[in-house]
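First comes the structure, then the notes that go with it.
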Amino acid sequence: EKGSHKNQQYFQEVVDSPELKALVRELNLAAAALARQACDEAEAADGKPRLVAGSIGPMPVTCSLSPDVNDPGFRAVNFRQLRQAYRDQALALLEGGVDMLLVETIFDTLNAKAALFAIEEIFEEQPESSVPVMVSVTLTDKAGRTLSGQTIEAFWNSIRHVRPFSVGINCALGPDLMRPFAEELSGLADCHMSIYANAGLPNPLSPTGYDLLPADMARFMKEYADQGLLNIVGGCCGTTPEHIGAIAAAVEGMPPRVPAPQTPALRLSGYEAYNHTREKNTLFVGERCNVAGSPKFARLIREGNYEEAVSIARQQVENGALVLDFCFDDGLIDGPQAMRHFLNLMASEPEIARVPVMIDSSKWEVLQAGLEVTQGKSVVNSISLKEGEAEFLRRAAEIHRFGASAVVMLFDERGQADTFERKAEVAERAYKLLTDNGFPPEDIIFDPNVLAVATGIAEHDGYAKAFIDATRWIKEHLPHAKVSGGVSNLSFAFRGNNTVREAMHSAFLYHAIRAGMDMGIVNPQLLQVYSDIEPALLERVEDVVLCRRADAAERLIDYAQHLRTDTAAEGAAHEEAWRTRPLPERIEYALLRGVTDHIETDTLEAYRELGDPMQVIDRLLMRAMARVGELFGQGKMFLPQVVKSARVMKRAVGVLTPYIEQNAAGRKSAGKVIVATVKGDVHDIGKNIVAVVMACNGYEIRDLGVMVEAQRIVDEAAAWG
């Protein structure tokens, strides 16, 4: 209304136009000019400074979801198209004189990443145009997820690399429903915080079309300010000038929120966040979706059978993988196309897409293809110095612009670092180059090269020890950097002999983890419980891994040949041997090794002997699980193995459940207990065990599942109590 007649006439022509795409520049220039004019007039009237934020919305398309329910791998738009469109808009807004850019109402984080990528590019090309960047997400339901499926913490992990001036929530929910998510984001973000909510829910009977009046919004926003949640506040759908005035008056003079510093950590995300710290033991990356490491996966991809290939990813998540590695480097496969299509398909599977991905390739164009379809914070595997510093830094900068972490292989222009001294030299050089150029140290993951040992070549004998020594050195000298390794490479010389390979992997992991190894790319099926490795085999394996004697390779090779005499017969004999043990030992064996074949039969036999299902749980099952916990704490069992143990426990309890319920019938309840894992915890192993034990002791149990909001737990307790 304050614009000139010429401007009003121009906008009417734009509105009447059937095609607006060609007018992006003109629209945004004119919008910035009108906003600047209005701000200047208001500032002249009362002397208070006014700033113009260039609003960059979410677009009416999504890069993470298919618009066709029959084709989940299809996308109506791609990252590069969005990036260019956002670039055009941002350039026009900056030319129009905005004071900041506001990427807002984000319902798809991949769309937002395209916008932020374009903005970062512009700032690098034109440093003089740099302005603060504000980011604001919209949550589409009471579960606190975006339309594309991410939780609030997963979203923050995906975009925090841009170090925004502020992050916040707007639209969709009113201030009452938005509060728990605002509280969560405020605790995560080490930048300023913005909230501009809708005026409650839509209500056609209200004068504004929404439930909340100006006084209601003012009251809610004052409560937010009292809690220390606000730096920037406003209103979205349904708010009027009266709403904004009431909010401004309510918060005037109140102290702003002080952002809390965050401890450096490897913060990844899929649909859900995963923050890795040393306290979480070692992060295992599922390796079976790799055409180089899995013949079955390679065959399925070559045949175009992506649906069955996706089931391999699902199986790995079920077996405890917290990150999934995807590699399509094969001469018969179009790597970029396969990476895009597979990750797009996987995005439609919430139980798989909740975990972060590792995009694995030796080809830069394949890595780019993966980054362009991943809305979460992923890991790129890998970059190195073998093509020189300039290319290394260029690729690192682009990876950072996508918001990913990077695996840095210890190669340089001279080749692969194979000795401890060379590994330390290359790691130190790469770390300095990256951190000096703004790459966060907590997003650097060194791979000191797990190379095959006991190959019969003397020069290879020290490779495993060199990895372990380099790991220890990196953790001591390069702050916050992580260490990863592809474990299966170690036992390449013993392909076909899984007994030796499993022992080598478990022994290597035991020592590498103690040295500080953070991540392992491994097939969980090829891991043995360290303390159960046959002593003669363990001695020979550790001689090789730790390079303890000159003839270590020969001794292990001789032993391995002895083991190969008749593996099928040996396996059958071993099966028969453990089945002849006393019942408690059989149950413990099954739980420690994740063997489900006989657990129901053995559990029922124990019930017949003891006569009480609770006695079976207390005296046999819980003692075995206590042993599992002890070995896990010592680093002699790994998370994928613990997950398998929990499945065995679940089967055993399942067969006892009818007898537990029968004993409980007619008995007075000992009380009511609600169990759940809280926000951020997707693992329900301990929860299930607690629920079983308490149910056996007469408590009524209501299991709410995993990743449950605190408010829902409170509401359920109030309603049930």
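Points worth noting:
- R0 of 60 Å, Cβ-Cβ distance E125-E609: FRET efficiency to nearest 0.05: 0.20
- Amide proton proximity set for S136, modelled H, under 5 Å, gap of 5+: V103, E104, T105, I106, G168
- Compactness of the stretch 507-553 is given as radius of gyration and Dmax, 11.6, 31 Å, from Cα positions.
- Accessible heavy-atom area order of K668, K48, K296, highest first, probe of 1.4 Å: K668, K48, K296
- Taken about its Cα centre, the chain carries a charge dipole of about 1080 debye when Lys and Arg each add +1 at the Cβ and Asp and Glu each add -1 at the Cβ.
- Over the chain - Rg/Rh using Cα atoms and the Kirkwood inverse-distance radius: 1.02
- The chain: relative contact order as a whole-number percent, Cα under 8 Å and 6+ apart: 8
- The long axis of helix 79-95 is offset from the longest Cα principal axis of the chain by roughly 30 degrees.
- Overall Cα dimensions of the stretch 32-102 - principal axes, largest extent first, Å: 58, 20, 15
- Per residue, the convex hull spanned by the Cα atoms of the stretch 91-175 amounts to 94 cubic angstrom.
- Heavy atoms of the protein chains alone define the surface here; on that basis the chain has 44 Å² accessible area per residue at 1.4 Å probe size.
- Of the residues V616, T208, L93, the one whose Cα sits farthest toward the positive end of the charge dipole of the chain, with +1 on the Cβ of Lys and Arg and -1 on the Cβ of Asp and Glu, is V616.
- For the stretch 310-352 versus the stretch 445-508, the spacing of their alpha-carbon centroids is 25 Å.
- Mean Cβ neighbour count within 10 Å, used as a protection proxy, ranking 55-68, 117-130, 165-178 highest first: 165-178, 55-68, 117-130
- Segment R593-D329, extension gain: residue separation times 0.36 nm, minus the distance between their alpha carbons: 91.7 nm
- For the stretch 79-179, the relative contact order comes to 30 percent (Cα pairs under 8 Å, sequence separation of at least 6).
- Calculated FRET efficiency for the pair R314/N663, C-beta based, R₀ 41 Å, to 0.05: 0.65
- With each label modelled as a point 7 angstrom along the Cα→C-beta vector, the E534-R278 pair spans 3.7 nm.
- Low-density loop cleavage sites - trypsin sites (Lys or Arg not before Pro) in the stretch 452-522, where at most 16 other Cβ are within 10 Å (DSSP): R495
- Convex hull projection area averaged over all views, the stretch 23-153, Cα basis, nm²: 10.0
- Protein accessible area in the chain, 1.4 Å probe - carbon and sulfur %: 53
- For the chain, the 222 nm mean residue ellipticity estimated from helices alone, with every DSSP H stretch of n ≥ 4 adding -39500 (n - 2.57) and the total spread over all residues, rounds to -15500 deg cm²/dmol.
- Each Lys or Arg adds one and each Asp or Glu takes one away; over the other residues whose Cβ falls under 9 Å from the Cβ of A250, this sums to +1.
- The angle between the Cα long axis of helix 583-593 and the main principal axis of the chain comes to about 50°, on a 0 to 90 degree scale.
The values are calculated or read from the model by the stated rules, or taken from the named source; none is laboratory data. Keep in mind that what you see is a predicted model, and the values were worked out from it rather than measured. Please note: Cβ atoms are built from the backbone with ideal geometry, for glycine as well, and neighbour counts cover all protein chains shown. All accessible areas refer to the heavy atoms of the entire protein, side chains included, with ligands and DNA or RNA removed. Shrake-Rupley method; radii C 1.70, N 1.55, O 1.52, S 1.80 Å.
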